[in-house]
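*Asks:* To start, I am sharing the structure in question, which I have written as structure tokens.
The values are calculated or read from the model by the stated rules, or taken from the named source; none is laboratory data. The structure presented is a predicted model; accordingly, all values stated were derived computationally and were not measured. No Cβ is skipped: glycine too gets one built from the backbone with ideal geometry, and neighbour counts run over all protein chains shown. Please note that ligands, DNA and RNA were not included when accessible areas were found on the heavy atoms of the full protein model with its side chains. Shrake-Rupley method; radii C 1.70, N 1.55, O 1.52, S 1.80 Å.
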Amino acid sequence: MLNLDAEKQRLEPWWFTVQAAIGDLSAVEVRFVPIGRVALRNARRAAAAAIGSALPDDDDAPLPNELIEQAGDILSESLLMAGIDDWRGVGDSDGNPVMVSPERLAIFLADPIRFERLDEAYVRPFVMKELEKNGSSPLPNGISAGATQEVDIANRSARRIVRAGAKRTGKKAAKKAAPIAKTNSKPTPVSPSGT
């Protein structure tokens, strides 16, 4: 049964501590609003627009890792820009608190360590949940409940690796037909129709 009370609770904004208080420095916290349809759609469009021209012409070609990483970073940044609506412990050079704005948020997210921490707390759990909800297999990195040890799988274009000491031939082996059931009898002649 779908629990609407739990669904309602997931729609509430929540606070996340980015950096704990250290001495006289106050803690840095951000308030996340849940990722919604519009924010997700906009993030997907931003990622697609950024890498669209760099996609390989061959639809069967694997995507380069650089493109996958770039798309992931753009998606995460877009979701974080839309998802952080308030913060505490962020101020100007005089120590006065400042409000969240797109310009300030861009500066805030420019720090790679802070970006990774926010991405791990906000974007990744959403993506994992969506993957599992949409019927994808559990992720192999140990985060999802059914995770298994990661297995290396070659893609279709993987070529055979010649191991050290293996004999190499210059000709490709002829392909053999698939085995079929053998019969010892000769084919029977077909009788004329109607007899």
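*Asks:* I want to make sure I understand the PRE zone here: with the label point 7 angstrom from the Cα of Asp73 toward its beta carbon, which residues in the range 95-114 have backbone N atoms less than 12 Å away?
*Replies:* Under 12 Å, as judged by backbone N against the label point of Asp73, lie 110-113 of the range 95-114.
*Asks:* Further question: Probe radius 1.4 Å, ligands and nucleic acids left out: which of Ile113, Ile74 has the largest accessible area, and how do the rest follow? Walk me through the numbers on the way to the answer.
*Replies:* Numbers: Ile113 130, Ile74 40 Å².
Result of the area sort, largest leading: Ile113, Ile74.
*Asks:* Separate question: So between Glu120 and Arg45, what do we pick up on full extension, going 0.36 nm a residue minus the alpha carbon distance? Don't skip to the answer; put the middle values down first.
*Replies:* Numbers: separation 75, 0.36 × 75 = 27.00 nm, distance 2.12 nm.
Gain in length upon complete extension: 24.9 nm.
*Asks:* Also: Report the calculated FRET efficiency for Val33 and Asn65 (r = Cβ-Cβ distance, R0 = 41 Å), to the nearest 0.05. Walk me through the numbers on the way to the answer.
*Replies:* Working: r = 31 Å, r/R0 = 0.76.
Calculated value: 0.85.
*Asks:* Tell me, in nm to one decimal, what length is gained between Leu4 and Glu132 on full extension, where the rule is 0.36 nm per residue of separation less the Cα-Cα distance?
*Replies:* Numbers: separation 128, 0.36 × 128 = 46.08 nm, distance 1.98 nm.
Gain in length upon complete extension: 44.1 nm.
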